[in-house]
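Colleague: Okay, here's the structure, questions in a sec.
The values are calculated or read from the model by the stated rules, or taken from the named source; none is laboratory data. All values reported here derive from a predicted model rather than from experimental measurement. Please note: Cβ atoms are built from the backbone with ideal geometry, for glycine as well, and neighbour counts cover all protein chains shown. Quick note on the areas: whole protein, heavy atoms, side chains included, nothing else; ligands and nucleic acids left out. Shrake-Rupley method; radii C 1.70, N 1.55, O 1.52, S 1.80 Å.
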Amino acid sequence: QVQLVESGGGLVQAGGSLRLSCAASGRTFRSYAMGWFRQAPGKEREFVAAISWTGDMTRYADSVKGRFTISRDNARDTVNLQMNSLKPEDTAVYFCAASRRPIASIRIEYDSWGQGTQVTVSS
C-alpha cells in the first residue's frame, strides 16, 4: 500500500480558491491512479475527482466540473486539487486516495486513504 498525507485545507470565503496537496510514500506512486473524495457532516463520502496513472485521463463529479482541477507530479509523488469558485456546499473533509486501477471513480476501487483535510467555505 501507499501512505498518503493531505495538506492545504482551511477556511475560505465563497468564490475563493484553495489548493489541496497529497504527498505519497511507500510504494511506486506512478503505479496508482489517484483520487479525491469528500465527506460533509452527516453525509456519505463522495467522489470529487480522479486522475490516471500517467495523468492523461481525468474524471470529475458533475458538482465540481469547471471549478476543480486535479493534477499529479510523478517526480514528486504528489497529487493536487485546485479548487476555484468555491461554494458553501463544498465544505467537507477532503480525502486523497490511491487505486491500482488505471483510473477509478468509485470508493471501493481505492485501496489506500489519507486522513483528510478540512475545507470550510463561508457564505
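Colleague: Select from the range 86-123 the residues that are in a helix (DSSP H, G or I) and out of contact with any Lys or Arg (no Cβ under 9 Å at 6 or more places or on another chain) and write down the one among them that is nearest to Tyr32 (Cα to Cα).
Modeller: Residue satisfying both the conditions and the ranking: Ile108.
Colleague: Can you tell me which residue is modelled with the highest pLDDT among those in the range 50-60 that are part of a loop (DSSP other than H, G, I, E, B) and open to solvent by less than 50 Å² (accessible area, probe 1.4 Å)?
Modeller: Residue satisfying both the conditions and the ranking: Ser52.
Colleague: Return the total of residues in the range 61-85 being among the hydroxyl-bearing types (Ser, Thr, Tyr), touching a Ser or Thr at 6+ places or on another chain (Cβ under 9 Å) and either open to solvent by 50 Å² or more (accessible area, probe 1.4 Å) or in a loop (DSSP other than H, G, I, E, B) (or both). Quick ask: steps written out before the conclusion?
Modeller: First pass over the range 61-85, keeping only residues among the hydroxyl-bearing types (Ser, Thr, Tyr): 63, 69, 71, 78, 85.
Still in the list and also touching a Ser or Thr at 6+ places or on another chain (Cβ under 9 Å): 69, 71, 78, 85.
The next check asks that each one be either open to solvent by 50 Å² or more (accessible area, probe 1.4 Å) or in a loop (DSSP other than H, G, I, E, B) (or both); those that pass are 69, 85.
The number of residues fulfilling the criteria is 2.
Colleague: Return a yes/no flag: does the range 52-71 have any residue that is touching a helix residue (DSSP H, G or I) at 6+ places or on another chain (Cβ under 7 Å), of a type outside the set (Ser, Thr, Tyr) and within 25 Å of Val12 (Cα to Cα).
Modeller: Within the range 52-71 (the criterion being touching a helix residue (DSSP H, G or I) at 6+ places or on another chain (Cβ under 7 Å), of a type outside the set (Ser, Thr, Tyr) and within 25 Å of Val12 (Cα to Cα)), the answer is no, since none of the residues qualifies.
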